[in-house]
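The values are calculated or read from the model by the stated rules, or taken from the named source; none is laboratory data. A quick note: this is a predicted structure, and the numbers were derived from the prediction, not measured. Using ideal geometry, Cβ is built from the backbone for each residue, glycine included, and neighbour counts are taken over all protein chains shown. In case anyone asks, the SASA skips ligands and DNA or RNA and just uses the protein heavy atoms, side chains included. Shrake-Rupley method; radii C 1.70, N 1.55, O 1.52, S 1.80 Å.
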Amino acid sequence: MDLVKLLGAEVILGAAGLILLTIDFCWPRRRALMTGVSYMAAIAALAVLVGALSHEAAASAFLSTDALTFGFSLLVILGTMITLALSQEDPTIDRHWGSYLALLLFASAGGLLLLKARDFVYVFLSLELISIASFILVAFDRKELWMIEGALKYFLVGAFSSAIGLYGISLIYAATGQTSFDALGLMGLSSARASSIGWIGLGGLLMVLVSFCFKASIAPFHFWVPDAYQAAPTPFTAYLSVVPKVVALGIFSVLLSFSASNMGPSIQAASLAPIIAVLACLTMTIGNLSAIHQTDLKRFLAYSSIAQAGYMLIGVLSASRLGGSSILVYGFGYLLMNFGAFAVVQWVARARGSYEISSMSGLAQTHFPMALAMACFLLSLAGIPPFIGFLGKYYVFASVIESQWAWWVAVVAVLNSVISVYYYLRIVYYMFFSDPFGRTVSKEVSMALLSSTVFLLLAGTVAFGVYPRPLLRLLIE
Amino acid sequence: MSFETLVTSSLPILSLITFLPLIGALVILIVDQTKVKTIQKIGLAFSGSALLVSAIALIYFDPSRQFQFVEDYAWIPALSVRYLMGADGLSMPFVVLTTLLTFVSLIASLSIENRVKEYWFWFLLLETGMLGVFESLDFFLFYVFWEITLVPMYFLIGVWGGPKKEYAATKFFLYTLFGSVFMLLSIIGLYFASTPHTLNMLELTAQRNELLKMGMTFQVLVFLGFYLAFAIKVPLFPFHTWLPLAHVEAPTAVSVILAGVLLKMGGYGLMRVNLPMFPEATKLFIFPLVVISFINIVYGALCALAQKDMKRMVAYSSVNHMGYVGLGLASLTATGFNGAVFQMVNHGIITGSLFLLVGVIYDRAHTRDIDAFGGLGAKTPMFAGIMTLACMASLGLPGLAGFVSEFLCFLGAFGPWKIWTGLSVAGILVTAGFFLRMIQKVFLGPLNEKWAGLTDMNAREYAAVLPLAALTVILGVYPRWGLDLMNDTLTALAAFVKSGV
């Protein structure tokens, strides 16, 4: 019974995916039906998730949930719903609609499973579920040669990183004969038990870490990101930039155990922490510096999302409750603002037929609300109050300053914020300071769903930034 | 219930002042952008109400008491962030200065014809941000308002500014953000250093001796984090380089706000945070502050002397005037503090009118080159008269507002820093030099025939400048009006700072 309670949401998403595949095979023209099924599945999964909250935390040997898992799971399902809405408005996804939706649900099921995994075998299983679905979705629209290149790159790097992770798991198993976190003494158990993992096991853990870094696009394992993001259909790019990334960082923080118990960091965590600190600094800096020179909006947001992952990685650093919740708060804000930015990009690309940054020109004069929304998303990404991005950054900085030894990471991070403002403002510059582009929205295309998604996300970005109390109560308390 | 209790205890008077402009901005957002007159009326109405409410608050403000109109609500309990607002004799002058200058600037902005809706939206948002900075007593809240001012200012310079507007806007944003992010780190550091963890500025000030236990390195780093943010805003040498560019490129009304209010946020911050909260670091940095103030005064004045562009000259004169403020602060005496705050207020009024007046002539002649004019006094007597008044006030002519505050700054600083104060007096001479030179070249001498068709000021320009000119005279003749407001608070503050150093 426990297992059903644990896996309810995953089962619903998986089953809906199978139903969608069947419908797609038998009645490929029933688009509305397929859309309906996918929404129903997402809503049902959300209901199960919220329902499970009222029960006490469930656990088995391999899977368990706690408050942080709930918050991250909520993030996955909301991300899926937003992606569904954006996908409906993307005309490039014209064929195999059912398969597209099914794969999206599979990826989300994998994400949910990963968050609960407390055993390396489950970790690998769920990572693969996300990855394989993502490989196909990135290659979904392959009209141009460079799109195929991006998708192929993503596939090769993804397969490679999975192999590294699996090898790391086998090393851990070789050193200890165990694969469950609990038995391995991860998750903040006593250091006496933790030391039994040994250097081989630590090496294995490091390889698992590298594999996570690929998935979460942490530098120097980020080079696949811009090409893959550019190649994928925009709604899925948005999904890819948020959901798998936040999930990977979430499980990472669980693994190094800062959430499950308050017994302080284990030996593994302590020895990995300096490496993580350096990786975080590297990721922010490389992401930000590379974003400055981009001319394509999707590549631009790709590099920006690399930098954002760097900020979230800081939350992994500090071995405290605050660190775990900082990733969650940041991740939630990131969900709202990054999906928002992608939604506006999709809107502009459809209205003006180009992903060039210059296609943003004069948006403030032709569509002031849309331009204002984009400005808010970008400023939020840069961490300017009163938007939710600032709250996330505040949490992250607070967690690292609380840890004391790593305060210099906070200094690197704020300097990076200043750099990031420079390139986020570049988009604002085109929208507000340049004259309109010439081409405007073609009248026959209605993008009501897309626009309302944008403004819903904007409302969240502003409202939760100004009054975060309900959000924090839901996610953390 | 009497009106007095309504104002002093029942109504959230400070929130009302702060958020009336924001409501106005949101209303403007839903008005059609072609209805220019409606937008302007809404903007003036909301900014005017903020001015009115702040005037009422001023009437019921009791200078002899500590923080008044306090509002305290839990905001983000998870981070111990509170919505804590209050005003004392240090913040009240700035609140009124802000509402007044914004209203005046909006009158001057009636001439803006390009993208009116956006302009008024940003301007009102800016007013909310500035007011919040002076009223909030919780560091989180303070930081939020502090950063909110950046965004509208960026757009106001970047869209409606001069030839190099985009560059100026970006430089302004990045420069000030660079300072403020370190302030954020200092704030978080203070939060974890305090027991129990708090972001309440008053509690942290009261805990200053406990904060000392964190060690000297902590004290110095946190002090520098705040100092960087505030010194960039003031601006104190060598962080003044953003100022001339931003002031010159900004449209007239925005220059008024930049010089009149935004710079004061820095001086206010130094007095509210740095000096009272970190006694040991203050002891260490007070001498450098004196030297920096001296450089500000003399270097700023010399730079102004070298300018050919009137607006640039006024911009550099701000650097010079902020030096007096620094000198007053570094005195750590009640006299000096009074002088510093009064100087900031006066500088807002005087330099505000100078920017408005430079705008008047630029709108007509499309040049600000001092050498391009001559003999305008005969052609535009009213303009020449008011401009001369403002210049005289700025250079510190007795009887006008600037004299009183500059005198107090020097008087306060002369006790502890005799030599540096003496050297700084040279700045006054140079200041007189560049203002008199400008008056001579622009208004005196034979009329340059090129400007024979120049008209005098119109009603809108009078409406904007005359209130400021009147205040210049009133505060000069009867400075108690301003000083009584702040004296009690500042005397207590000076004693508190002095007791730690």
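Tabulated data
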| quantity | calculated |
| --- | --- |
| From B:Phe123, B:Phe145, residue being in a helix (DSSP H, G or I) and surrounded by 24 or more Cβ atoms within 10 Å (Cβ to Cβ) | B:Phe123 |
| Subset of the range B:302-342 that is among the hydrophobic types (A, V, I, L, M, F, W, C) and more than 22 Å from B:Phe230 (Cβ to Cβ) - its residue that is farthest from the chain's Cα centre (by Cα) | B:Ala306 |
| Those residues of the range B:232-262 which are over 17 Å from B:Ile361 (Cβ atoms), in a helix (DSSP H, G or I) and open to solvent by 10 Å² or more (accessible area, probe 1.4 Å), in sequence order | B:Leu245, B:Glu249 |
| Close pairs (6 angstrom Cβ cut-off, 6 or more residues apart or separate chains): over 17 Å from A:Arg299 (Cα atoms) in the range A:143-159, open to solvent by less than 80 Å² (accessible area, probe 1.4 Å) anywhere | A:Phe155/A:Phe135; A:Val157/A:Trp224; A:Gly158/A:Ser131 |
| Condition check for B:Asp72: assigned to a loop (DSSP other than H, G, I, E, B) and over 21 Å from the mean Cα position of the chain (by Cα) | no |
| Given (1) modelled with pLDDT of 90 or more; (2) out of contact with any Asp or Glu (no Cβ under 7 Å at 6 or more places or on another chain), index of the condition B:Leu199 fails | (2) |
| Complete set of residues in the range B:271-299 that are farther than 24 Å from B:Met486 by Cβ and either acidic (Asp, Glu) or not in a helix (DSSP H, G or I) (or both) | B:Glu280 |
| Residue within the range A:92-105 that is open to solvent by 10 Å² or more (accessible area, probe 1.4 Å) and of a type in the set (A, V, I, L, M, F, W, C) present | yes |
| Residue within the range A:405-418 that is touching a residue at least 12 places away in the same chain (Cβ under 8 Å), of a type in the set (Val, Ile, Thr), open to solvent by 10 Å² or more (accessible area, probe 1.4 Å) and under 16 Å from A:Val345 (Cβ atoms) present | no |
| Answer residue from the range A:421-433, given it is open to solvent by less than 20 Å² (accessible area, probe 1.4 Å) and either in contact (Cβ under 8 Å) with a residue 60 or more places away in the chain or closer than 17 Å to A:Tyr330 by Cα (or both) and is farthest from the other protein chains (Cβ to nearest Cβ) among those | A:Ile427 |
| Criterion (without any contact (Cβ under 8 Å) to a residue 24 or more places away in the chain and within 14 Å of chain A (Cβ to nearest Cβ)) met by exactly one of B:Thr18, B:Thr34 | B:Thr34 |
| Boolean, B:Ser91 is over 23 Å from the mean Cα position of the chain (by Cα), hydroxyl-bearing (Ser, Thr, Tyr) and more than 30 Å from B:Glu461 (Cβ to Cβ) | no |
| Search result, residues across the range B:471-486 that are out of contact with any Leu (no Cβ under 9 Å at 6 or more places or on another chain) and either part of a helix (DSSP H, G or I) or among the hydrophobic types (A, V, I, L, M, F, W, C) (or both) | B:Ile474, B:Arg480, B:Asp484 |
| Residues of the range B:285-305 that turn out to be in contact with a Phe, Trp or Tyr (Cβ under 8 Å, 6 or more places away or on another chain) and of a type in the set (A, V, I, L, M, F, W, C), as a count | 11 |
| Residue list for the range B:162-179, filter: surrounded by 24 or more Cβ atoms within 10 Å (Cβ to Cβ), more than 9 Å from every other protein chain (Cβ to nearest Cβ) and either in contact with a Phe, Trp or Tyr (Cβ under 6 Å, 6 or more places away or on another chain) or more than 21 Å from B:Phe226 (Cα to Cα) (or both) | B:Phe172 |
| Residues satisfying the stated conditions in the range B:354-377, i.e. closer than 20 Å to B:Leu466 by Cα, open to solvent by 10 Å² or more (accessible area, probe 1.4 Å) and over 30 Å from the mean Cα position of the chain (by Cα) | B:Gly377 |
| Selection status of B:Leu468, open to solvent by less than 30 Å² (accessible area, probe 1.4 Å), in a helix (DSSP H, G or I) and modelled with pLDDT of 90 or more | yes |
| Within the range A:378-420, considering residues that are facing chain B (nearest Cβ under 9 Å), touching a helix residue (DSSP H, G or I) at 6+ places or on another chain (Cβ under 7 Å) and not in a helix (DSSP H, G or I), the one nearest to A:Leu458 (Cα to Cα) | A:Pro386 |
| Residues being over 18 Å from B:Leu126 (Cβ atoms), away from every other protein chain (no Cβ under 14 Å) and open to solvent by 30 Å² or more (accessible area, probe 1.4 Å) - total across the range B:58-107 | 11 |
| Which numbered condition A:Ser358 misses (of (1) at pLDDT 90 or above; (2) in a helix (DSSP H, G or I)) | (1) |
| Pair list, Cβ < 8 Å and 6+ apart or interchain, from the range A:333-349 residues that are surrounded by fewer than 24 Cβ atoms within 10 Å (Cβ to Cβ) to residues that are outside any helix (DSSP H, G or I) and of a type outside the set (A, V, I, L, M, F, W, C) | A:Ala349/A:Tyr355 |
| Yes/no for A:Leu166 being buried (at least 16 other Cβ atoms within 10 Å of the Cβ) and modelled with pLDDT of 90 or more | yes |
| Count - residues of the range B:479-501 that are open to solvent by 50 Å² or more (accessible area, probe 1.4 Å) and of a type outside the set (A, V, I, L, M, F, W, C) | 7 |
| Where B:Arg82 falls short, out of the listed (1) over 30 Å from A:Ser326 (Cα atoms); (2) not in a helix (DSSP H, G or I) | (1) |
| Filter result (within 19 Å of B:Phe230 (Cα to Cα), at the interface with chain A (Cβ under 8 Å from one of its Cβ atoms) and either within 20 Å of the chain's Cα centre (by Cα) or aliphatic (A, V, I, L, M) (or both)) within the range B:122-161 | B:Tyr143, B:Val144, B:Glu147, B:Ile148, B:Leu150, B:Val151, B:Tyr154 |
| Sole exception among (1) at negative phi; (2) in contact (Cβ under 8 Å) with a residue 40 or more places away in the chain; (3) open to solvent by 10 Å² or more (accessible area, probe 1.4 Å) for A:His293, by number | (2) |
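Yes/no matrix, rows are residues, columns are (1) within 30 Å of B:Glu4 (Cα to Cα); (2) β-branched (Val, Ile, Thr); (3) modelled with pLDDT of 90 or more:
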{"position": "B:Thr18", "(1), (2), (3)": "yes, yes, yes"}
{"position": "B:Val53", "(1), (2), (3)": "yes, yes, yes"}
{"position": "B:Pro77", "(1), (2), (3)": "no, no, no"}
{"position": "B:Leu90", "(1), (2), (3)": "yes, no, yes"}
{"position": "B:Val104", "(1), (2), (3)": "yes, yes, yes"}
